[in-house]
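Data block below; observations after.
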Amino acid sequence: MLWCMMKQFRQNRFVDGWKKRFSPTAPMNIRLYYLICLLALFFSASLLYVVLNAVNFQTYKIITIVFTCFISLSATYHFFSKYNYTYGLIATVIICFIIIPAVFLCSAGVKGGGLFLFIFGIFFLTVVVKKNLMYLILILFAEYVSMMFLSLAFPRIVFINETTTSVTAIVINFLIASLIIYIFLRIIITGYYREHKQLRITNERLNHELITDDLTEIYNHRYIASELIRAVAEANENSELFLLMYDIDDFKTVNDEYGHTVGNDILYEVAQMIDSEIGKEGVCARYGGEEFVVLFKNKNAEEVFAVAEKIRKRVESKLFIPDTDKKITVSCGIAKYKIGDEAEEFLRSVDFKMYSAKHQGKNQTVFY
């Protein structure tokens, strides 16, 4: 074990290991585990100190020295080892059920500062144990209450001297218990906030993936359908609600002639063109295949037609396939919402306009 510690020092990994164990980014159970190892060291040293200063029986002192040395060595070894919940639980049980009561009896019982450690012990065990071991908390509570009554009923089992009953000793024990509880709470709270933040980020990412088209990186069919239903539900007689539908002309021929990789690149570039032109004033989504839908809520007919034509002409003027004279064009249909129509009727209307543009020669915009 000592060789392991020296090796870590030589390789300059001790500081890194400390940061890894207690960094706010480390999982909460990892930080709690290594704090338990340190607490095992601290409480074993505390027990040794109070026994050597308060107890006059040589046998008790020898037993305490052997016991605390074993606990200290074990805690040190596990501190420099990997996470081990079983050891953490065993160390917690030893601290709460054995060491804290021993410190209590050697620190003047209810007349000394060891009483404050009982509060910490119950808190400590509550944090560490899992649900299937919650009964240990009731057992510990019963043990602490029994210890208090026994120390009052049988004063001879309590070791009292001036050191353990002084105001300073009581205040120190209170501060120690409070500080340790604060450290525990700090670890729990930071761990909770970190995990909550990570969960929020994960939920946002999953939600983004749920409503985003993987290929074009704009909204997908699911999102535009829900937005359309919401817009129709909120529409009134004064609403200016327009729906545009674009379809890439002869896209199947492009795929067959130049391959699906080129076709995918065209879908992406057209989608980005549409999205950049409408800005924040509209909602753009890939409706399916080579079809794109745009929803405008706060534009008049002239403005909508101007944007639609600008997008169509921009697509027509761009050379999508290098070293060829192949033109990529789009046909566009525009429909205005009529009060009383359902979302599906609104979609059918714009779909009809788009196919009208196809039948009239493609590469054009058909308005309502």
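Quick check on the range 77-100: of everything there that is polar (S, T, N, Q) and assigned to a helix (DSSP H, G or I), which residue is nearest to the chain's Cα centre (by Cα)?
THR86
Looking at TYR33, TYR77, TYR83 in this structure, which one is buried (at least 21 other Cβ atoms within 10 Å of the Cβ) and farther than 22 Å from TYR144 by Cβ?
Within the list TYR33, TYR77, TYR83, the selection yields TYR33.
Every residue in the range 262-289 that is basic (Lys, Arg) and out of contact with any helix residue (DSSP H, G or I) (no Cβ under 9 Å at 6 or more places or on another chain), please.
LYS280
Within the range 234-265, which residues are under 24 Å from PHE305 (Cα atoms) and among the small types (Gly, Ala, Ser)?
Correct list: ALA235, SER239.
Return yes or no: is VAL103 under 36 Å from the mean Cα position of the chain (by Cα) and either surrounded by 14 or more Cβ atoms within 10 Å (Cβ to Cβ) or under 30 Å from TYR192 (Cα atoms) (or both)?
no
With surrounded by 15 or more Cβ atoms within 10 Å (Cβ to Cβ), among the small types (Gly, Ala, Ser) and closer than 27 Å to ASP214 by Cα as the only criterion, which of GLY279, GLY333, GLY288 stands out?
GLY333
Would you mind stating whether TYR192 is modelled with pLDDT under 75, farther than 19 Å from ASN53 by Cα, not hydrophobic (A, V, I, L, M, F, W, C) and not in a loop (DSSP other than H, G, I, E, B)?
yes
Given the options THR64, THR126, name the one that is crowded, with 16+ Cβ neighbours inside 10 Å and either of a type in the set (S, T, N, Q) or more than 40 Å from the chain's Cα centre (by Cα) (or both).
THR64
Look through the range 281-312, keep the residues that are assigned to a strand (DSSP E or B) and among the aromatic types (Phe, Trp, Tyr), and return whichever of them is farthest from THR253 (Cα to Cα).
Result: PHE296.
When residues of the range 314-368 are filtered for being in contact with a Cys (Cβ under 9 Å, 6 or more places away or on another chain) and of a type in the set (Gly, Ala, Ser), how many remain?
Final tally of qualifying residues: 1.
Suppose the filter is over 28 Å from GLU257 (Cα atoms) and of a type in the set (D, E, K, R); does LYS297 pass it?
Answer is yes for this residue.
Filter the range 327-346 for residues that are among the small types (Gly, Ala, Ser) and in contact (Cβ under 8 Å) with a residue 24 or more places away in the chain; which is farthest from LEU295 (Cα to Cα)?
The selected residue is SER331.
Scan the range 324-331 and tell me whether some residue there is part of a strand (DSSP E or B) and over 44 Å from the mean Cα position of the chain (by Cα).
yes
If you scan the range 129-142, which residues turn out to be surrounded by fewer than 16 Cβ atoms within 10 Å (Cβ to Cβ) and more than 31 Å from the chain's Cα centre (by Cα)?
Within the range 129-142, LEU138, ILE139, PHE141, ALA142 qualify.
Please determine, by comparing only the residues of the range 108-123 that are among the aliphatic types (A, V, I, L, M) and buried (at least 22 other Cβ atoms within 10 Å of the Cβ), which one is nearest to CYS37 (Cα to Cα).
This residue is LEU117.
Taking the condition of being closer than 10 Å to CYS37 by Cβ and β-branched (Val, Ile, Thr), how many residues in the range 55-107 meet it?
So the answer is 1.
The values are calculated or read from the model by the stated rules, or taken from the named source; none is laboratory data. Given the structure is predicted, the values throughout are model-derived calculations rather than measurements. Counting neighbours? That spans all protein chains shown, and the Cβs are built from the backbone with ideal geometry, glycine included.
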